[in-house]
1. Taking 32 Å as the cut-off for C-alpha to C-alpha distance, list the pairs among 164/351; 80/273; 75/126; 343/569; 97/274 that go past it.
2. Pop the C-beta distance of residue 150 and residue 408 into the FRET formula with R0 = 41 Å and round what comes out to the nearest 0.05.
3. Taking R0 as 22 Å, what FRET efficiency do you get between residue 485 and residue 530 from their Cβ-Cβ distance, rounded to the nearest 0.05?
4. If you stretched the chain out fully between residue 396 and residue 127, how much longer would it get, using 0.36 nm times the residue separation minus the C-alpha to C-alpha distance?
5. Classify the range 265-361 from the C-alpha gyration tensor, please: rounded if a/c falls under 1.5, else prolate or oblate depending on whether a/b exceeds b/c.
6. In nm, to one decimal, how far is the residue 163 label point from the residue 611 one, both placed 7 Å along Cα→Cβ?
7. Taking R0 as 51 Å, what FRET efficiency do you get between residue 286 and residue 589 from their Cβ-Cβ distance, rounded to the nearest 0.05?
8. List the aspartates and glutamates whose Cα lies under 18 Å from the Cα of residue 120, skipping any in the same chain that are fewer than 8 positions away.
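Values quoted throughout were computed directly from the atomic coordinates according to the rules given, and no laboratory measurement underlies them. Because the structure is predicted, anything quoted here is derived from the model rather than measured. Counting neighbours? That spans all protein chains shown, and the Cβs are built from the backbone with ideal geometry, glycine included.
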Amino acid sequence: MKIINSLFVAAFLLLAQPVNADPQQLLQLIDYVAVDYEGAVENGQIVSESEYAEMQDFTAGITLQLASLPENEVKEGLIKQGDELAQSIHNKDSVVKIRQIIADMRHQVINTYQITVIPKVQPDLKRGAMLYANNCASCHGANGAGDGPAAVGMEPPPVDFTDKDRYQQRTLYGLYNTMTQGVEGTGMMAYTELSDEERWSLAFYVGGLAIDTNKKNFAVNYHPLASVEKLTTMTPHQAEELYGEKGGSVMAALRTHPELFYKKDANKLEFAKKKLADVITSYQDNDPKQAYQYAVEAYLDGFELTEQNINTLDSNLRLEIETTMTGLRNKIRSGEPVENIIKEVELINGKLDAASDLLGTKSLSAGATFASAFFILLREGLEALLVVAALLAFLTRTDRKDARRYIHFGWIGAVVLGLFTWWASVSIIDISGGSRELTEGVAAIVATVILLYVGFWMHDKSSATKWKKFIDDNMHKAMSSGTLWTLTGLSFIAVYREAFETILFYQALWVQTGEDGHSMAMGGFLAAVAVLAIISLLIMRYSVRLPLRQFFAVSGGLMFLLAIVFAGKGVAALQEAGFIISTPVNFVRIDLLGIYPNLQGLLLQLVLIIIAVVLWNKNAKKA
C-alpha cells in the first residue's frame, strides 16, 4: 500500500505544470529524502523496498521541480545537484553523502528564491499544544507517538514525533512546511486554515516532543552564530556537527524555550536581512511599492530595535547602517535599476553581519550598561522634562499653583499609558515598527503645534503692557479651563511620545546584559532620574526668580526651541515609517536637537524659524 501511495505522489508531481514550480514544495521533497533515506538503505544495501521506492519517487519529483524553476544563474547548479542526488540514491550511497547533498541544495534554494524560513514573532508553545490537541492528537497521539485512535489501519502510519532518530533529521522549517503544503497520498492535510504564526507555534511544539522532559529546563549557553534563522533550517544533527557538543542543547533550547532566542538582539538583525531579501524579490517582480514596505520593515522591526546596543559598542557602525538603509529606501522610490538595489542590499547586509558579530561576541560591560541606561533615559526624557518643568514653573510664577494638577494629570497619564502600551505590545498585540514610528511622528507634530501656540502666547505677554494687563485681569478668567486642558494635553503628548520608545530601548538593553548587568542598568536609570530631577528643580527655582516679563520671554523662547526640536524628530519618525520621503543633504546631525541631514525636516524647521521671526518682529513693533 505504501508503494502505491508513493507512486501516486510521483504521478501527481509528474502531472504538475512546470510553470507552477514551487520552491517550498521542492524543499519539502528534499527534506523527506533527508529524513527517510536512512530507513531505506544501510551499508549500501536496501533494507526496505517500500522506503527505497519512495526515495526514487521523491527524487523524480525533485528533478521535475528543479527543471521547472525560473531561469537564473544558479538553476544549472541546482539541476546538477539534483542529478547527483538521484545518482547517489541509485548507487545506494551512504546516508552522510545524501544528507550533505541535500543540505547544500536546501541552502541554495532558500537563498536563491528568498524563502522566509523564520517566524516573524516568537512561537507560542502553549498555543502550539492547544493546536496539537485539536488538530493532530487524533492521529499522532496525545504524546506524539503516532498512536492516536484514528491511526489504526492508516497507511502510511502517522509520524512518531517522539522518535529520537527522526528528531535528529527534521528541521523546524521542514515541519512548518509540511503543515503548510500537506503530503499527497497520506492523511497529512495542508493546514491552510491556520495562520502563519499558528503553524510556526505548532511546528516548534511537535519539534520538541522527542526531547526528554527532564532536560527541558536546562540553562542555555548561546553560540554566537546560533541565530533562529540558521537553526530553523538545520537539523539537530547538523547543529551538533557545526557547533560541537553544545549544538544539541542549543537546538533543544530553541524548540522548547524559543523565548530565550527571541530576546537576542542578533535575531532582529537576521529578521532585517530576511526583509532585505524580500526587497530584492519584490523589486525584481516590478513591485517597488511592496519592496519599499519591506525596506521600512527591515529598519523598524529589525535594526532599530538593536541600534541602541550597537551604538554603545560602535556608534560609527550604527550610523553607517542607518544611513545606508535610508539610502536604500530612496533608491527604491527613485526607481533605480535592480542592480543598484541588489548592491545596496549587499552593502547593508555586510554591515548587519558586522553588527551581529559585535552583538554576538561582545556583552555590554558594566560601565557600558550603566552608560547606555543613563543616556537612553536622559536623551529621551530631556525634551519632555523641559516642557513639563517649564509649564509647572509658569503656573507657579503666575500664582496658579492650584492649576499644577492639570500638568500632573498629563504626564502621569502619559507614563501609565506608555507602560500599558508596552505591556500590550508583548502580551496582547504585535505593535509594528511602522505603528510605533507613526505614533511618535504624529505626536511630535501635534506637540510642535501646541508648543508654538503656547510659546507665542507667552511671548505675547512679555511686552510691558500685555503682561501688566494679564496680571491685573482676573487670573482665573484669563487662565480658562480650556487653556489649562491645553497645557494638560501638551504635558501628556510630550511625555507619552518618549515613554514608549524609552521602554522599548530598555527592554532591548535588559536582554543584552547578563544578570550582573541588570543592576548596572538600574543604576544608570536611577542616575538619569536624579539628573532629570535636578534639571527640573533648577528650572523651577531660577525661572521663578525672573521678573514676570523676562520669565514670559524666556519661557516663550524655550517653547519655540522645543517646537523646532519636536518638528525635526516628528519628520524623522514619519520618514522612518515610510510616510514621508527622505532626501539626504550635506548638513550636520544633532540628534538631541532634532537636526537631521535631510531636506524635508530642515525645510520645515526653517519655515518655523521664519514664521517665528516675522511674528516676533510684528509683536515687537506693536510693543
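1. On the way: 164/351 39 Å; 80/273 28 Å; 75/126 41 Å; 343/569 30 Å; 97/274 29 Å.
As for pairs spanning more than 32 Å Cα to Cα, those are 164/351; 75/126.
2. 0.05
3. Result of the calculation: an efficiency of 0.10.
4. 91.4 nm
5. Numbers: a/c = 2.21, a/b = 1.94, b/c = 1.14.
Prolate is the answer for the range 265-361, as a/c is 1.5 or above and a/b outweighs b/c.
6. Result: 7.1 nm between the two label points.
7. 0.90
8. Answer for residue 120, where 18 Å is the Cα cut-off: 196, 197, 198, 229, 259, 265, 270, 278, 297, 301, 304, 430, listed by chain and number.
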